[in-house]
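The values are calculated or read from the model by the stated rules, or taken from the named source; none is laboratory data. Here the structure is a predicted model, which means the values were calculated and not measured. All Cβ positions, even for glycine, are placed from backbone atoms using ideal geometry, and neighbour counts span all protein chains on display. Ligands, DNA and RNA are stripped out before the accessible areas are found, and what is left, the full protein with its side chains, is counted by its heavy atoms. Shrake-Rupley method; radii C 1.70, N 1.55, O 1.52, S 1.80 Å.
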Amino acid sequence: MAKPPPRTGRTIQIYKISFPDGSAYVGQTRQPISSRLAQHRRLSPCNSILHRKLLIMKPTVEVLSRHRKQEVANREEKKWIMGLEKPINRYVDGKQINANPQAPSLRDNRWPKERNRRKRPKYPRRASGYHVCSWCWRKLPVSEFYSDCCRSVGLSSRCKKCAGIESRARREAIKRNGDTSIAYFQAKLVCQALRTTKTRPVVKVL
């Protein structure tokens, strides 16, 4: 029976990868430094900047310290990262490191609060009392359309009659094990044949 390979590097090594442009990366590993560096180059990287720089630049690697306890290693790694002038590390203790203090954090909302709190229109076309179906081009009362809060109008783009034709065509296609997308376009052609005008009516918004 073959013996398992011996464990290497029981101590935790704090290493630093320095690049010619002045940037640096600090990490910790129990493996040999050469194996850890190969992982940074080969594996799917969580830090794309480090991965890209390792492929195009020739870095210098040095071991900063060695530790037995994980808590001590984490504390020393954080101290070295916070002391870098141009860190490549993205997170320390789950918090993002920004080279630019004014840059927004990745965990923050992508839009400013003023944009989220802006006043949205209260569906002015629904207040006008009429809406135009996008398939049959009929100007119908608002009651002939289903509500749709995802649309700025607040109403569905198709009237209830056109929506019923489309849903029935889909159900029949499913019963026949047919293609529902073909049934959708066929129902759309049937509804478009109901058009009585060559131009789509316009509803005035109040």
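Side notes on the structure shown:
- All told, Gly22 meets the bar of being modelled with pLDDT of 85 or more and either farther than 17 Å from Asn89 by Cβ or surrounded by fewer than 12 Cβ atoms within 10 Å (Cβ to Cβ) (or both).
- Filtered residues of region 33-64 (kept if open to solvent by less than 70 Å² (accessible area, probe 1.4 Å) and at pLDDT 90 or above): Val61, Val63, Leu64
- Tabulated pairs, region 158-183, first without any contact (Cβ under 8 Å) to a residue 12 or more places away in the chain, second exposed (fewer than 12 other Cβ atoms within 10 Å of the Cβ), C-beta under 6 angstrom, 6+ apart or interchain: none
- Residue that is open to solvent by 30 Å² or more (accessible area, probe 1.4 Å) and touching a residue at least 40 places away in the same chain (Cβ under 8 Å), where the choices are Leu189, Leu194: Leu194
- Residue within region 71-91 that is among the hydrophobic types (A, V, I, L, M, F, W, C), under 25 Å from Pro20 (Cβ atoms), modelled with pLDDT of 80 or more and open to solvent by 90 Å² or more (accessible area, probe 1.4 Å) present: yes
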